[in-house]
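Q: Quick one: the structure is below, and I'll ask about it shortly.
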Amino acid sequence: DSGVTQTPKHLITATGQRVTLRCSPRSGDLSVYWYQQSLDQGLQFLIQYYNGEERAKGNILERFSAQQFPDLHSELNLSSLELGDSALYFCASSLSGTKAGELFFGEGSRLTVL
Amino acid sequence: GESVGLHLPTLSVQEGDNSIINCAYSNSASDYFIWYKQESGKGPQFIIDIRSNMDKRQGQRVTVLLNKTVKHLSLQIAATQPGDSAVYFCAEKDLAGNKLTFGGGTRVLVKP
């Protein structure tokens, strides 16, 4: 158990809908990262937050947004969903946002868009 | 599991043999590298890391080798066990350290 909690574990929805994925980092970790894992693209970095502030942005679509709350949990919002958004969405956390160090990953949220 | 469907290169290895997984990275500015293991239905799990000022680091049954000249990283697993069956990802971090960029992954299948 990595200590990172993600909910829901599985989510099935329709095209055009909006969903919110939730992540609770390990106790004491200030930084949260979101990654997307689809069949043909491996693990793609989406966005990083550190202590409530956006720190780095990757290949995140404009239809997607995220935030980190004062209690350090994070939410990833996916809107106007398309079939191609079906993927595993991982959250990871680390103590620091910049120093080298391992990321601890949650078990992922499996999104299926029908 | 979710990673099973990935179209990945596969390494089949006999139980007890050594495994070598290779990874090429592209960013010469990367100064920190990590190997992750992802078992079916789970998130990636840290195995071992190495900084760019080193060329070798050993852990328990695993060794990571870094060749900065050709931007190549490898993971060696000694005496491979059935529990080593998983997808292995290398990841690199740039000097700013703000994100971890993952390679495409290699599936390791251990034959009994």
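The values are calculated or read from the model by the stated rules, or taken from the named source; none is laboratory data. Note that this is a predicted model, so its numbers are computed, not measured. Cβ atoms come from the backbone with ideal geometry, glycine included; neighbour counts cover every protein chain shown. We work out accessible area using only protein heavy atoms, side chains counted, and drop any ligands, DNA or RNA first. Shrake-Rupley method; radii C 1.70, N 1.55, O 1.52, S 1.80 Å.
Q: Just to be sure I understand, how many residues within segment B:39-61 are under 24 Å from residue B:14 (Cβ atoms) and buried (at least 18 other Cβ atoms within 10 Å of the Cβ)? Before you say what the answer is, go through the steps one by one.
A: Here is the first cut: in segment B:39-61, the residues under 24 Å from residue B:14 (Cβ atoms) are B:39-40, B:45, B:47-48, B:58-61.
Add one more test, that the residue is buried (at least 18 other Cβ atoms within 10 Å of the Cβ), and what stays is B:47-48.
Within segment B:39-61, residues that are under 24 Å from residue B:14 (Cβ atoms) and buried (at least 18 other Cβ atoms within 10 Å of the Cβ) number 2.
Q: Looking at the structure I just gave you, is residue A:90 open to solvent by 40 Å² or more (accessible area, probe 1.4 Å), facing chain B (nearest Cβ under 9 Å), hydrophobic (A, V, I, L, M, F, W, C) and closer than 26 Å to residue A:27 by Cα?
A: Details: open to solvent by 40 Å² or more (accessible area, probe 1.4 Å): no; facing chain B (nearest Cβ under 9 Å): yes; hydrophobic (A, V, I, L, M, F, W, C): yes; closer than 26 Å to residue A:27 by Cα: yes.
So residue A:90 fails the test.
Q: Condition first: more than 13 Å from chain A (Cβ to nearest Cβ) and open to solvent by less than 40 Å² (accessible area, probe 1.4 Å). Now tell me which residues in segment B:103-112 satisfy that. Show your work before the answer.
A: Going through segment B:103-112, the residues more than 13 Å from chain A (Cβ to nearest Cβ) turn out to be B:108-112.
Those that are more than 13 Å from chain A (Cβ to nearest Cβ) and open to solvent by less than 40 Å² (accessible area, probe 1.4 Å): B:108, B:110.
Q: Further question: Looking only at segment B:13-34, count how many residues are modelled with pLDDT of 95 or more and either more than 15 Å from the chain's Cα centre (by Cα) or within 27 Å of residue A:10 (Cα to Cα) (or both).
A: Of the residues in segment B:13-34, 5 are modelled with pLDDT of 95 or more and either more than 15 Å from the chain's Cα centre (by Cα) or within 27 Å of residue A:10 (Cα to Cα) (or both).
Q: Something else now. Which residue, of A:45, A:90, is modelled with pLDDT under 95, of a type outside the set (Ser, Thr, Tyr) and under 11 Å from the mean Cα position of the chain (by Cα)?
A: Values: A:90 fails: modelled with pLDDT under 95.
Testing whether each residue is modelled with pLDDT under 95, of a type outside the set (Ser, Thr, Tyr) and under 11 Å from the mean Cα position of the chain (by Cα) leaves just A:45.
Q: Look at residue A:107 and say whether it is part of a loop (DSSP other than H, G, I, E, B), within 10 Å of another protein chain (Cβ to nearest Cβ), without any contact (Cβ under 8 Å) to a residue 40 or more places away in the chain and not basic (Lys, Arg). Working first, answer last.
A: Working: part of a loop (DSSP other than H, G, I, E, B): yes; within 10 Å of another protein chain (Cβ to nearest Cβ): yes; without any contact (Cβ under 8 Å) to a residue 40 or more places away in the chain: no; not basic (Lys, Arg): yes.
Criteria not met by residue A:107.
Q: To continue, here is another question. Can you find a residue that is facing chain B (nearest Cβ under 10 Å), touching a residue at least 60 places away in the same chain (Cβ under 8 Å) and hydroxyl-bearing (Ser, Thr, Tyr) anywhere in segment A:48-59? Before the answer, list the steps.
A: Keep residues of segment A:48-59 that are facing chain B (nearest Cβ under 10 Å), which gives A:48, A:50, A:55-58.
Adding the requirement that they be touching a residue at least 60 places away in the same chain (Cβ under 8 Å) leaves none.
Checked against the condition, which is being facing chain B (nearest Cβ under 10 Å), touching a residue at least 60 places away in the same chain (Cβ under 8 Å) and hydroxyl-bearing (Ser, Thr, Tyr), segment A:48-59 yields no hits at all.
Q: For residues that are closer than 29 Å to residue A:107 by Cβ and either of a type in the set (Val, Ile, Thr) or part of a strand (DSSP E or B) (or both), tally how many sit in segment B:25-57.
A: 15
Q: Only one of (1) at positive phi; (2) open to solvent by 10 Å² or more (accessible area, probe 1.4 Å) is not met by residue A:108, so which one is it?
A: Among (1) at positive phi; (2) open to solvent by 10 Å² or more (accessible area, probe 1.4 Å), residue A:108 violates only (2).
Q: Let me ask something additional. Can you tell me how many residues within segment B:13-71 are touching a Pro at 6+ places or on another chain (Cβ under 8 Å) and within 14 Å of residue B:90 (Cα to Cα)? Full working, then the answer.
A: In the first step, residues of segment B:13-71 are kept if they are touching a Pro at 6+ places or on another chain (Cβ under 8 Å); the result is B:15, B:36-38.
This time we only want the ones that are within 14 Å of residue B:90 (Cα to Cα), so: B:36-38.
Summing the residues that are touching a Pro at 6+ places or on another chain (Cβ under 8 Å) and within 14 Å of residue B:90 (Cα to Cα) in segment B:13-71 gives 3.
Q: Continuing with this model, one more query. Being among the hydrophobic types (A, V, I, L, M, F, W, C) and farther than 23 Å from residue B:45 by Cα is the filter; apply it to segment A:61-87 and report the residue that is farthest from the other protein chains (Cβ to nearest Cβ).
A: Step one: of segment A:61-87, the residues among the hydrophobic types (A, V, I, L, M, F, W, C) are A:61, A:64, A:66, A:69, A:72, A:76, A:78, A:81, A:83, A:87.
Those still in the list that are farther than 23 Å from residue B:45 by Cα too: A:61, A:64, A:66, A:69, A:78, A:81, A:83.
Working: A:61: 17, A:64: 16, A:66: 14, A:69: 20, A:78: 17, A:81: 18, A:83: 15 Å.
Checked segment A:61-87; the qualifying residue farthest from the other protein chains (Cβ to nearest Cβ) is A:69.
Q: Take residues that are among the hydrophobic types (A, V, I, L, M, F, W, C) and open to solvent by less than 30 Å² (accessible area, probe 1.4 Å) and tell me which of the strands (runs of 3 or more DSSP E) falling wholly in segment A:1-75 contain 1 or more. Walk me through how you get there before you give the answer.
A: On the way: elements: A:5-7, A:10-13, A:19-24, A:31-38, A:42-50, A:53-57, A:64-68.
So the answer is A:19-24, A:31-38, A:42-50, A:53-57, A:64-68.
Q: Please enumerate the residues belonging to segment B:63-77 that are of a type in the set (A, V, I, L, M), surrounded by 15 or more Cβ atoms within 10 Å (Cβ to Cβ) and more than 14 Å from every other protein chain (Cβ to nearest Cβ).
A: Quick first cut of segment B:63-77, residues of a type in the set (A, V, I, L, M) only: B:64-66, B:70, B:73, B:75, B:77.
Going one step further and asking which of them are surrounded by 15 or more Cβ atoms within 10 Å (Cβ to Cβ), we end up with B:64-66, B:73, B:75, B:77.
Residues satisfying the conditions are B:65, B:73, B:75, B:77.
Q: Is it the case that segment B:91-98 has a residue that's on the phi > 0 side of the Ramachandran plot and modelled with pLDDT under 95? Let's see the steps before the verdict.
A: First, pick out the residues of segment B:91-98 that are on the phi > 0 side of the Ramachandran plot: B:97.
Remaining after also requiring modelled with pLDDT under 95: B:97.
Yes; the residues of segment B:91-98 include at least one that is on the phi > 0 side of the Ramachandran plot and modelled with pLDDT under 95.
Q: Quick check on my filter: what residues within segment B:5-24 are in a loop (DSSP other than H, G, I, E, B) and in contact (Cβ under 8 Å) with a residue 24 or more places away in the chain? Before you say what the answer is, go through the steps one by one.
A: Of segment B:5-24, the ones in a loop (DSSP other than H, G, I, E, B) are B:6-9, B:15-18.
If the condition is that a residue be in a loop (DSSP other than H, G, I, E, B) and in contact (Cβ under 8 Å) with a residue 24 or more places away in the chain, then B:6, B:8, B:9, B:15, B:16, B:17, B:18 are the ones that fit.
Q: Name the residues in segment B:78-102 that are within 11 Å of chain A (Cβ to nearest Cβ) and over 16 Å from residue B:52 (Cβ atoms), would you?
A: Those that are within 11 Å of chain A (Cβ to nearest Cβ) and over 16 Å from residue B:52 (Cβ atoms): B:87, B:89, B:98, B:99, B:102.
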